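Here's the structure, in structure tokens; my notes come after.
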Amino acid sequence: MTEHKKTGFLKRFFFSLDHKDIGFQYLLTAMFMAAFGGFFVYVFRYNLAFGPDDIPLYGNLAAKEYNQLVTNHGAIMIFWVGMPMVLAVLGNFLIPIMIGTDDMAFPLLNKISYWTFLLSCIVLLSGFLMPTGAFGGGWTMYPPLSVSDFGYNNPNTTFKANFFTGNTFFLMAVALEFISMLMGGINFIVTTLNKRAKGLSLMKLPIVVWMINIASLLFMFSVGPLIAGTFMLLMDILVGTGFFDAYRGGDPILWQHLFWFFGHPEVYVLLLPSLGVVGEIFSTFSRKPFFGYKMVIFLVLIAGILSLVVWAHHQFVSGIDPGAANIFSLLTIIISIPFAGMVLAYLGTLWRGDIKFTVPMMFALGMLASFTFFGGFTGLHLGSNVFDIYAHDTYFVIAHFHYTLFPSVILGGFAAIYYWYPKFSGRKLNKTLGKIHFWGTFIFFNSIFIPLFWLGLQGQHRRIFDYSNWDKLLMQPNHIMARQIATVSLIFLIITQFIFLFNFFKSLYKGKVAEKNPWKSNTLEWQASSPPGHGNFALYPAVYRWPYDYNHPDRDTDFLPQNEK
Amino acid sequence: MNTSINKKPTLRDIPQARLGVWILIAGEFVIFGGLIVAYLLYRFRYPEWAEMASHTNIVLGATNTFVLLTSSYFVVKAHDAAIKKDKNKITLYIGLTILSALIFLVVKITEYSQKIHHGFTFSGKELVEQGKHIESTYWGFYFLMTGLHAFHVIVGAIVLFIVMMGARKGKNYQRIEVAGLYWHMVDLIWIFLFPLLYIAN
Amino acid sequence: MNFFPESNSSIALEIDNLFWIITGVVGIATVITLFLFVYPMITRKKKRTKIERYMVDFTHKHRIWLYTGMFLLLMGDLYILVKEHSIWQRVEQELPEPDFKIAIVGKQWMWEIIYPGPDGKLYTDDDVSAINNLHLPVNRVIHMDLKALDVIHSVFLPQSRFKQDVLPGRTITRWIKLNKEGKFDITCAEICGLGHSMMRGNLFVESEEEWKDSMDKIYGIKK
Ligand code: HEM
Ligand SMILES: [Cu+2]
Ligand SMILES: [Cu+2]
């Protein structure tokens, strides 16, 4: 601790190898990128509700810019907010301290991984400065549109002209981000396997540590082919190879397979750590053991493996073999079973619980509820290849995947921040502001996306700048109203986030000082001082039990830390 | 009640660096695996590619296979020397490995210039002009796969060099094993690429 | 409030129907899950002993509930799969004999419709192409050869609940049978660049005589 105060902020921010500092860097960077992602969505949603002219804080919006903003919103939210938030921030901050050790297995690799990530952010954003403008072909980067606006590589353009395009920068940024997260993942897994405290067997690990590791593994096994695909696509753009050029033997659908072979597991990569956070919080604030610990881990592994073989449900109508589509439909619908088991186990933790509605608990409940009731269940609709014929690429899909991603990344992320804030800052967040923030976020989130489900069923297709061409189908008064409700809710949602920012930064300096274990929780991080000093523990704990012995019948207290005999 | 007293964090018996490199190797295999699967899909679809593959230089390819295989042997020897902390032998064998890497790269460059000379370029522009559209994409795979592999050879050689310099100062002998593992991977990937790209049919 | 736009084919009604079947299955699941969610929250103040709270799965009978829940959902899943399977087969895997055949080519940023011309055969010299306006007869099996020229587009007929991506260098044949006359939409559902949101076409479903008339006009036989 003492060492830290002396080193200057900048030095600490940029060069520290401490896992908590790196976690904090990831957090600030993710928040910075979220500001971009959020601003973009504000601009294009405003356009959809009130037209492209005179958008406050932006000006007039053109069709090309609309595509660019949608594309970059999607990519930023997934790769530059979601991935760092649930994997890098949680993994870095939580893993070493929850397994009772001093730091990551490879601190330098950790630092390099952050720098690579930062570089990828810069590369992505500089795409906006290119002469051709930022990339606007959808975050899925389907070729041939991602090769050039006209779908082919013009043999007469020079390498240099091809290089300085939004497309190239977008792809390079994505590849860098993948590499950064791969390095992080190696670190998490090795750390977890090798540096666990004495007595901490794998079956005594906190569920969130399990989830982050499974997510890292899943990421690692699914992203490889897409990294290869990214190189291929880059070559198509830069030197004019024909990997995805149908007129030269290439196959545009190959990219879709490579992309979704990664893309589907990717949504679980974003979901699992967040489910882990919710598990910790449920157990702590129900004062009950985590129900079905081994079962949940088993089911997650099953779901993880299944997630590698369902990718083509994103391609039911993209021209794949219709016979194969039946199998993918079957597997997709079946994957709901392990998730149902997990959700039921989580509800088993709440059952008969001594539930305390703290702010993290509210976010956790909100996360699980919106994920299950709207995200998961509409997954059954879309898993059916027949209904997907109609729903594919409409706002029904948009609403569905936002109901999975927004809870995972944003609600789960906030739950984690509220829960561990006292640990990492040594101070408490303001409770009342926290509650206002929760209700604002939760209500406005729902009032954005419920209308979008309905618009999707009405046939409103996605990535469209202007619906006025479909006057009969999509421009009736109630369509316009639904769009406006969504947009106004979004504006309120964004305003609500300023409450959080205020609370977050003010409490860093002025919050009430937090004790060591404010939530009376069992896991090891609460045994370190708040905030933990360099090396985390003065004396390293030995572990005697699993982390969820709340209300143990043989004890007087209602909690029993892992390191007590 | 609190009975947790350890002055230092616990370490399990897993050799950390080796585990890390194993995971890295698994990751690399998935990357190359993706490329290879994509290549095979096209290869089976287009019989024309067999003819293109016959334009590769099997003699040079086989030479390179041989060079890499011997270099793997040198790395094993270097590891033995590292266990004995024999600085001279380490320098010798890693030096030989790096030399093999250089030979590999020189052969590669010769091959590339031959290909380019015959009009088989990355983008296959000349083939396209002759109307051989589908054939041109073969060379995209050829250059991308071998190029990516050659990049790994370069990285591997640099890593070996750094490790060797460390060992000469008497530091971090265990790193030789880890770098060696990585080198074996580079070797193994070539063993996959060679028959796939060079041997027609 | 209507949930779906008007429909113009029998398949469309089946797809809408499937939506409600799935929603039914999901609805039952929702009610059960919602109960499990809310009940512990409203009874949270109840005094309970530690033994009651210390509910660990591998000793506790509540574990059975987990299996039951998963099993129930499995039944629901299978029900959905059974219900949908035959529709998919008919829509995507079978091609009934056509009464009429056309081709649709997506290009930046319009739909080119290729009619077979007076000889009734597609891909012959007398083919006639039109832009964005597709005239089809009611109650006939139509084959559509779907293609794209430059980038990927997607033929989306919202009122027929029909969608198929079209790819450069590939021809995909699908069939459709419409049972309602009127003017409907053709939209592009796959981002295809700058003009994606302007890629609109019209589908005119006409009675036999009207349709013959429009065809004659398109073929230039009648003014
Ligand atoms: C803050 C509230 C958010 C709102 C109101 C919102 C709204 C939207 C809308 C309306 C679209 C579709 C645009 C179109 O098709 O024309 C979209 C696309 C997308 N959003 Fe969001 N979004 C939000 C947050 C998020 C988050 C948190 C994530 C992920 C973690 C996310 C990921 C995506 C992705 C991947 C796309 C697809 C982009 C594409 O079509 O290429 N969004 N968003
Ligand atoms: Cu998926
Ligand atoms: Cu389009």
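The values are calculated or read from the model by the stated rules, or taken from the named source; none is laboratory data. It should be emphasised that the depicted structure is a prediction, and the values quoted were computed from it without experimental measurement. Cβ placement follows ideal geometry from the backbone for every residue including glycine, while neighbour counts extend to all protein chains displayed.
Quick notes on this one:
- Filter result for the condition that a residue is closer than 17 Å to A:Ile389 by Cα, β-branched (Val, Ile, Thr), touching a residue at least 12 places away in the same chain (Cβ under 8 Å) and facing chain A (nearest Cβ under 8 Å), over C:Ile11, C:Ile22: C:Ile22
- In region A:280-324, the residue that is nearest to the chain's Cα centre (by Cα) out of those that are among the aromatic types (Phe, Trp, Tyr) and more than 16 Å from ligand 1 (Cβ to nearest atom) is A:Phe282.
- Test: residue in region A:147-168 that is surrounded by fewer than 23 Cβ atoms within 10 Å (Cβ to Cβ), closer than 30 Å to A:Leu275 by Cβ and away from chain B (no Cβ under 13 Å): no
- B:Phe161 within 17 Å of the chain's Cα centre (by Cα) and within 13 Å of chain A (Cβ to nearest Cβ): no
- Residue in region C:135-150 that is more than 14 Å from chain A (Cβ to nearest Cβ) and either within 30 Å of A:Phe465 (Cα to Cα) or within 16 Å of ligand 2 (Cβ to nearest atom) (or both) present: yes
- Within region B:43-99, being outside any helix (DSSP H, G or I), in contact (Cβ under 8 Å) with a residue 24 or more places away in the chain and closer than 26 Å to B:Ile162 by Cβ holds for one residue alone: B:Lys85.
- Applying the criterion of at least 3 residues that are charged (D, E, K, R) and within 25 Å of the chain's Cα centre (by Cα) to the helices (runs of 4 or more DSSP H) found wholly in region C:1-116 leaves C:63-88.
- Qualifying position, being more than 7 Å from chain A (Cβ to nearest Cβ) and exposed (fewer than 15 other Cβ atoms within 10 Å of the Cβ), among C:Lys83, C:Lys47: C:Lys47
- If the condition is being within 14 Å of another protein chain (Cβ to nearest Cβ) and either without any contact (Cβ under 8 Å) to a residue 40 or more places away in the chain or within 13 Å of ligand 1 (Cβ to nearest atom) (or both), then region A:17-51 contributes A:Phe44, A:Asn47, A:Leu48, A:Gly51.
- Filter result for A:Phe261 (of a type outside the set (Lys, Arg) and more than 16 Å from ligand 1 (Cβ to nearest atom)): yes
- Hey, A:Phe442 within 30 Å of C:Phe35 (Cβ to Cβ), of a type in the set (A, V, I, L, M, F, W, C) and within 12 Å of another protein chain (Cβ to nearest Cβ) or not: no
- Residue selection: C:Asp126 satisfies the criterion of being away from ligand 2 (no atom under 16 Å from the Cβ), more than 22 Å from the chain's Cα centre (by Cα) and surrounded by fewer than 24 Cβ atoms within 10 Å (Cβ to Cβ).
- Strands (runs of 3 or more DSSP E) contained in region C:118-179 and holding at least 2 residues outside the structural domain of C:Arg200 (by TED's automatic domain parsing) and away from ligand 1 (no atom under 16 Å from the Cβ): none
- Of all the criteria given as (1) without any contact (Cβ under 8 Å) to a residue 60 or more places away in the chain; (2) acidic (Asp, Glu); (3) under 29 Å from C:Phe3 (Cβ atoms), the one not satisfied by C:Glu206 is (1).
- Checking A:Gly304, A:Gly292, A:Gly240 one by one, the residue that is more than 9 Å from chain C (Cβ to nearest Cβ) and either within 16 Å of ligand 3 (Cβ to nearest atom) or on the phi > 0 side of the Ramachandran plot (or both) is A:Gly240 and no other.
- Against the numbered list (1) touching a residue at least 40 places away in the same chain (Cβ under 8 Å); (2) more than 16 Å from ligand 3 (Cβ to nearest atom); (3) surrounded by fewer than 17 Cβ atoms within 10 Å (Cβ to Cβ), C:Asp145 comes up short only at (3).
- Taking region A:258-272 as the range and being closer than 25 Å to A:Asn162 by Cα and at the interface with chain B (Cβ under 10 Å from one of its Cβ atoms) as the test, only A:Leu258 passes.
One line per residue, one yes/no per condition, for (1) touching an Asp or Glu at 6+ places or on another chain (Cβ under 8 Å); (2) crowded, with 21+ Cβ neighbours inside 10 Å; (3) among the aromatic types (Phe, Trp, Tyr); (4) on the phi > 0 side of the Ramachandran plot:
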position: B:Phe104; (1), (2), (3), (4): no, yes, yes, no
position: B:Lys108; (1), (2), (3), (4): no, no, no, no
position: B:Glu111; (1), (2), (3), (4): no, no, no, no
position: B:Gln114; (1), (2), (3), (4): no, no, no, no
position: B:His117; (1), (2), (3), (4): no, no, no, no
position: B:Val128; (1), (2), (3), (4): no, no, no, no
position: B:Glu135; (1), (2), (3), (4): yes, yes, no, no
position: B:Gly147; (1), (2), (3), (4): no, no, no, no
position: B:Ala150; (1), (2), (3), (4): no, no, no, no
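- Of A:Pro144, A:Pro107, all but one fail to be more than 28 Å from A:Ile464 (Cβ to Cβ) and either surrounded by 23 or more Cβ atoms within 10 Å (Cβ to Cβ) or at pLDDT below 95 (or both); the exception is A:Pro107.
- Restricting region A:446-464 to residues that are surrounded by 22 or more Cβ atoms within 10 Å (Cβ to Cβ) and within 16 Å of ligand 3 (Cβ to nearest atom), the residue that is nearest to C:Leu13 (Cα to Cα): A:Gly459
- Scanning region A:62-102 for residues that are surrounded by fewer than 21 Cβ atoms within 10 Å (Cβ to Cβ) and either polar (S, T, N, Q) or more than 12 Å from ligand 1 (Cβ to nearest atom) (or both) turns up A:Ala62, A:Lys64, A:Asp102.
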